[in-house]
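The structure under discussion appears below in the form of structure tokens.
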Amino acid sequence: MEQRVSLITLGVADLERSTRFYEVLGWKRVESPDGVIAFDLIGQTLGLYPRMALAAELGVAEADLGTGAVTLAHNLRSRRSVKELMASAEAAGARIVKPPQEVFWGGFHGYFADPDGHIWEIAHNPFSALRTDGAFRWNGY
């Protein structure tokens, strides 16, 4: 298995509501089959898929999917950008889980939950500068 993630799929309760949420944050949809909403990222794609359909595809009860203990991270180039994006997310309907603040390791971050409760970390890591195209690498490039 190659060391990469190609697609992140979020099971959502209301496909239109979740799509609107990410579009309000400025993301652009790409063409995809009916029932799936896709947003191309840098080297990956985020997919939104009805939770009920995801459970059926997996052959499990919808309740068995749970929410898990997973976070998605979005790194930015500055602390100010973290504050701005957190405010935009809240205006789009996100629930702020942890307001932007200093982190013990020297960074600056906050957490929000999207309309389905998926947790996003919004962070600035001064030790891992983003590439000009926005790509992230743990210890920088």
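The values are calculated or read from the model by the stated rules, or taken from the named source; none is laboratory data. These figures come from a predicted structure and were not determined experimentally. So basically every Cβ, Gly included, is an ideal-geometry build from the backbone, and we count neighbours across all protein chains shown.
I'd like to know if the range 103-124 contains one or more residues that are in a helix (DSSP H, G or I) and within 18 Å of residue 11 (Cβ to Cβ).
Checking the range 103-124: not a single residue is in a helix (DSSP H, G or I) and within 18 Å of residue 11 (Cβ to Cβ).
Which ones in the range 37-52 are in contact (Cβ under 8 Å) with a residue 24 or more places away in the chain and within 15 Å of residue 19 (Cβ to Cβ)?
Hits for the range 37-52 are 45, 46, 47, 48, 49, 50, 51.
Determine whether the range 71-94 contains at least one residue that is hydrophobic (A, V, I, L, M, F, W, C), within 22 Å of residue 19 (Cα to Cα), outside the structural domain of residue 31 (by TED's automatic domain parsing) and assigned to a loop (DSSP other than H, G, I, E, B).
yes
Do the conditions hold for residue 80, that is, is it among the charged types (D, E, K, R), more than 18 Å from residue 42 (Cα to Cα) and in contact with a strand residue (DSSP E or B) (Cβ under 8 Å, 6 or more places away or on another chain)?
For residue 80, the condition - among the charged types (D, E, K, R), more than 18 Å from residue 42 (Cα to Cα) and in contact with a strand residue (DSSP E or B) (Cβ under 8 Å, 6 or more places away or on another chain) - is not met.
Considering only the range 110-124, how many residues are buried (at least 17 other Cβ atoms within 10 Å of the Cβ) and out of contact with any strand residue (DSSP E or B) (no Cβ under 6 Å at 6 or more places or on another chain)?
Of the residues in that region, 2 qualify.
Whether any residue in the range 53-64 is under 20 Å from residue 130 (Cα atoms) and not assigned by TED's automatic domain parsing to the domain that holds residue 138 is what I want to check.
No, the conditions are met nowhere in the range 53-64.
What are the residue pairs meeting all of these: first residue in the range 128-141, first residue without any contact (Cβ under 8 Å) to a residue 24 or more places away in the chain and closer than 13 Å to residue 73 by Cβ, second residue assigned to a loop (DSSP other than H, G, I, E, B) and of a type outside the set (Asp, Glu), Cβ atoms under 8 Å, and 6 or more apart or on different chains?
137/128; 137/131; 138/128
Given the criterion hydrophobic (A, V, I, L, M, F, W, C) and modelled with pLDDT of 95 or more, identify the matching residue among 135, 94. Even if it seems obvious, please write down each step before you answer.
Details: 135 fails: modelled with pLDDT of 95 or more.
None of the other options fit; the residue is 94.
Taking the range 88-109, which residues are within 16 Å of residue 25 (Cα to Cα) and buried (at least 17 other Cβ atoms within 10 Å of the Cβ)?
Answer for the range 88-109, where residues must be within 16 Å of residue 25 (Cα to Cα) and buried (at least 17 other Cβ atoms within 10 Å of the Cβ): 89, 92, 94.
Please indicate, with yes or no, whether at least one residue in the range 60-70 is within 30 Å of residue 138 (Cβ to Cβ), touching a Leu at 6+ places or on another chain (Cβ under 8 Å) and of a type in the set (S, T, N, Q).
no
Filtering the range 14-52 down to residues that are hydrophobic (A, V, I, L, M, F, W, C) and in a loop (DSSP other than H, G, I, E, B), which residue is nearest to residue 134 (Cα to Cα)?
Looking at residues that are hydrophobic (A, V, I, L, M, F, W, C) and in a loop (DSSP other than H, G, I, E, B), I get 42.
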